[in-house]
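Each remark here refers to the structure printed beneath this line.
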Amino acid sequence: MARITRLGAVRAVLTSAALFAAAVSPAAAQQADNQLKEASVCARCHVISVVEWGMSAHRKAGTNCVGCHGESRGHVVDERNNVKPDRIPRGDRISGLCATCHQAGCPKTKQAADCQSCHHVHALIDPKKPPSSKDEQLEKLAARWQSAARHNAEGGRLMKAGQSEQARAEFDAALRDRPGDPRIASLLAAATRRLQRNFAGFEIVGTARAEESGLPKQVRVSGTDIEMLLVRGGDVDMGSEKFPAAKPLHTVRVAPFYAGKHEVTQAQWKALMGTNPSAHQGRDYPGSDRLPVEMVSWADAQAFLEKLNARVSGAGFRLPSEAEWELAARAGGPPAPKDLPRIAWFDGQERATAPHPAGTKQPNALGLFDLFGNVWEWCSSLYAPYPYDAADGRESPSAKGLRVLRGGGYADTAEYLDPDARHGERPDRKLPWNGFRIARSAPAE
Amino acid sequence: MAPHVTRRDFLGGCAAGLLAHQAANGREGSAPEEYRRAGMTYRRLGRTDLYPSLLSFGSHTDPADRVKAPNGTVLTPQGQARRDRIVARAFDLGVNLLDVYASEGQWEPAARMVKGRRNKILISVANDVSLREVDRACGMFGHVDLYRFHTAAIDQKALEDWDVLRKAKEAGKIRAIGIATHIERTMLEAITELEGIDYLFFPYNFIHARADYSAFLPEAQRRGTGLIAMKPLASGSIMKLDPMARPGAKPEFGELQLWQTNNRPILPAAVAELTKSLARLPDETLCMAAMRFVYSRPFVSAAITGMFEERLLEDNYRAMARFEEMSRDEHAALKAAERLSQLLEARWLPADYRWLEEQWRG
């Protein structure tokens, strides 16, 4: 004889509750949900009794624990069971309770006494004939999900093997088995992207692709020598207790984006804008074309991006947001003070009094150069108090106020070369240590 | 028998009474603009949480005691000892703002003087602006309460220096940042162009009040910019105007000659008028009246003056201690002194500062 285990019963009741909730109207589902929530107080101890009740028609009929046992508030709060429930019906009193609803006696036998001889007291079922946990609908669903999992695993294997076409077919099949599954949908999109040879505004450099998104890791802005690297999205812990303007510490989710591999150089600026506003140029600074452009305001950077977007259609170049900049800067962990001379030009042991050619120190873990030092980098965000919230208007290009600069510059001491350090400046202010790097969102499809 | 009141009951009752009084006056939680303690007045510096003493100690040192040093000047050991004595006495009188120039070798002595009472004294620094210099000052004083630079115009250099000061303030190294300037146009530009300016050093005395800087002062007050009056005695020149100055009194600049020794034959009528006016103020010198003119201006958070003699410090303090509205006689004396300064044209100022006369008078 089949035996009902506690786990089996719980699974059965939850499944039936879920199917029930899906099948009925939202209002009825809400009511059922409320009943289960109410019964959960009793289920803290009386797990089996509540599960039996949940499987029975009693729940559907709205007869609950309180109906037979009373409110029993004292019993609920007394963990040691010194206070008993308000009512514990036994013997004939059980049949008496049944008769409040079943006034004509048992629907089958018409018997009006000793109901518990055939029916379980909570489940209204014959204890000698336990219900089957078999559910065809559930089994079909499980089969589809198992199939999806198989296709998904196979797709993952093929992706790793570089067989994107086949992987895409597998993910497609998996998504048919589990329509709307976000994880499979993103893998399908990744496989599709791997098959793409071109992205709007980009020339793909090399063959490296991000495993999870299928996006090219390195690209070049079409028709320029501006290289960009993919920054995986994720959660970034922004802020610290170190700087008053960086309080409080909080977590922000950032979508994947591309960031300029280097700060925009004087040559790149000149090629697009036709002028060079930098303070460090001319005979005193041979090879200044490779120096990052400076003496540019936030508004100047916007003008540069506007021109770039006009030239490279569909790319949507912009400044990185403060959160994006910090996510990129924290890749591989914040730099240790002893590592700073290796990765940054700043006012340290070798005193830097002017910017240095871009990319002459070592890159960070993502391959981005000069995130710290050389020139401060304009971000798109307003210099608003933390916590950072991209939806609170701070990313609006027309919002009035100071704009954020990050990363420290050649004239700064080591403490400003910190992923936490924020600085705000008027958007029209031009200073010889303020520059920028470009960014763009990763294509969604 | 009267009920026994314990110390705890008494203190509890006092605290409750004080809180009730504050709540009744609706002042709970709001910072006062001014308070007085033991004869000294402390006024809030603009929007900051700093309360400098209305009489503050300026950075100029006695030229007679200066000797050249690699990076400016230092004082002779005797001169330094005398200055230290005056500074210590100023602290005793409640002066809590000490201004120090790096170029006059006063950082080390000032750091020594404030040791042990750093939380009570505000250190004001005027220096070249770079993060290294800020760090050097912080190494000396722990932090800097007020840091400023002097500028004649808000040009690119001033904007760059300002950016450095803002970063240092953001890093918690400086509590308030500002500039010093003598030009009203620059003052106006500064409060509009320099983001987050906390205070401004500006020349202010009864001769150079310039109708209270009609454009600058209302705007500064509207924006809540702290104002510190420098040159309340016009670099000691006001002392020079005083025909009744005691023999041997020392103006701030060595080349200034006292009235008695230099200008006695000139303008006897004007001198007579001033002498007469001052005679009506038996307990007050022209310098004290001049200081009281600056103290009486509510927008001035502090009047900062270099004091080479203990007596001058005591006079300035006495002018503060009897803090009441200026009398008609005092105003008359100042009017007479102003007329005298006009008759003398620029000669009443030290040679280095004569260029200011035109700007100050407007």
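Quick check on A:Gly239: is it closer than 23 Å to A:Ala365 by Cβ and within 14 Å of chain B (Cβ to nearest Cβ)?
yes
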Could you list, in sequence order, the residues of segment B:149-171 that are within 11 Å of chain A (Cβ to nearest Cβ), touching a helix residue (DSSP H, G or I) at 6+ places or on another chain (Cβ under 7 Å) and of a type in the set (A, V, I, L, M)?
-> B:Val164, B:Ala168, B:Ala171
Would you please list the contacts, defined by Cβ atoms under 6 Å and residues six or more apart or on different chains, that run from a residue in segment B:44-65 that is under 14 Å from B:Gly306 (Cα atoms) and in contact (Cβ under 8 Å) with a residue 40 or more places away in the chain to a residue that is among the acidic types (Asp, Glu) and not in a loop (DSSP other than H, G, I, E, B)?
-> B:Gly58/B:Asp99; B:Ser59/B:Asp99
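Going through segment A:156-179 one residue at a time, which ones are closer than 19 Å to A:Gln196 by Cβ, of a type in the set (A, V, I, L, M) and crowded, with 18+ Cβ neighbours inside 10 Å?
Listed by number, the residues that qualify are A:Leu158, A:Met159, A:Ala167, A:Leu175.
Condition (residue is under 10 Å from A:Trp376 (Cβ atoms), more than 24 Å from the chain's Cα centre (by Cα) and away from chain B (no Cβ under 13 Å)) applied to segment A:434-444: is it met by at least one residue?
yes
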Residue check: is A:Thr207 among the polar types (S, T, N, Q), without any contact (Cβ under 8 Å) to a residue 24 or more places away in the chain and either within 14 Å of another protein chain (Cβ to nearest Cβ) or closer than 30 Å to A:Ala384 by Cβ (or both)?
-> no
Does segment B:106-115 contain at least one residue that is part of a loop (DSSP other than H, G, I, E, B), more than 14 Å from every other protein chain (Cβ to nearest Cβ) and under 28 Å from B:Lys68 (Cα atoms)?
-> yes
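Out of the residues in segment A:395-425 meeting the condition of being basic (Lys, Arg) and touching a helix residue (DSSP H, G or I) at 6+ places or on another chain (Cβ under 8 Å), tell me which one is nearest to the other protein chains (Cβ to nearest Cβ).
Going residue by residue through segment A:395-425, those that are basic (Lys, Arg) are A:400, A:403, A:406, A:422.
Among the residues that remain, those that are also touching a helix residue (DSSP H, G or I) at 6+ places or on another chain (Cβ under 8 Å) are: A:403, A:406, A:422.
On the way: A:Arg403: 12, A:Arg406: 12, A:Arg422: 8 Å.
Selected residue: A:Arg422.
Just one of B:Ala137, B:Ala90 is more than 14 Å from chain A (Cβ to nearest Cβ) and under 20 Å from B:Met230 (Cβ atoms); which is it?
The match here is B:Ala90.
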For segment B:172-211, how many residues are out of contact with any helix residue (DSSP H, G or I) (no Cβ under 9 Å at 6 or more places or on another chain) and under 20 Å from B:Arg44 (Cα atoms)?
-> 3
Considering segment A:286-314, residues that are of a type in the set (A, V, I, L, M) and closer than 23 Å to A:Leu382 by Cα, and then whichever is surrounded by the fewest Cβ atoms within 10 Å (Cβ to Cβ), we arrive at A:Ala303
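Sort through B:Gly224, B:Gly142 and tell me the only one that's away from every other protein chain (no Cβ under 14 Å), surrounded by fewer than 20 Cβ atoms within 10 Å (Cβ to Cβ) and more than 22 Å from the chain's Cα centre (by Cα).
Unique residue meeting the criteria: B:Gly142.
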From the residues in segment B:172-190 that are crowded, with 23+ Cβ neighbours inside 10 Å and in contact with an Asp or Glu (Cβ under 8 Å, 6 or more places away or on another chain), which one is nearest to the other protein chains (Cβ to nearest Cβ)?
-> B:Ile174
Subset of segment B:119-129 [in a loop (DSSP other than H, G, I, E, B) and surrounded by 16 or more Cβ atoms within 10 Å (Cβ to Cβ)] = B:Ile121, B:Asn127, B:Val129
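Rule-based calculations on the coordinates, nothing more; no lab input. Keep in mind that what you see is a predicted model, and the values were worked out from it rather than measured. Note that we place each Cβ from the backbone using ideal geometry, even for glycine, and neighbour counts take in every protein chain shown.
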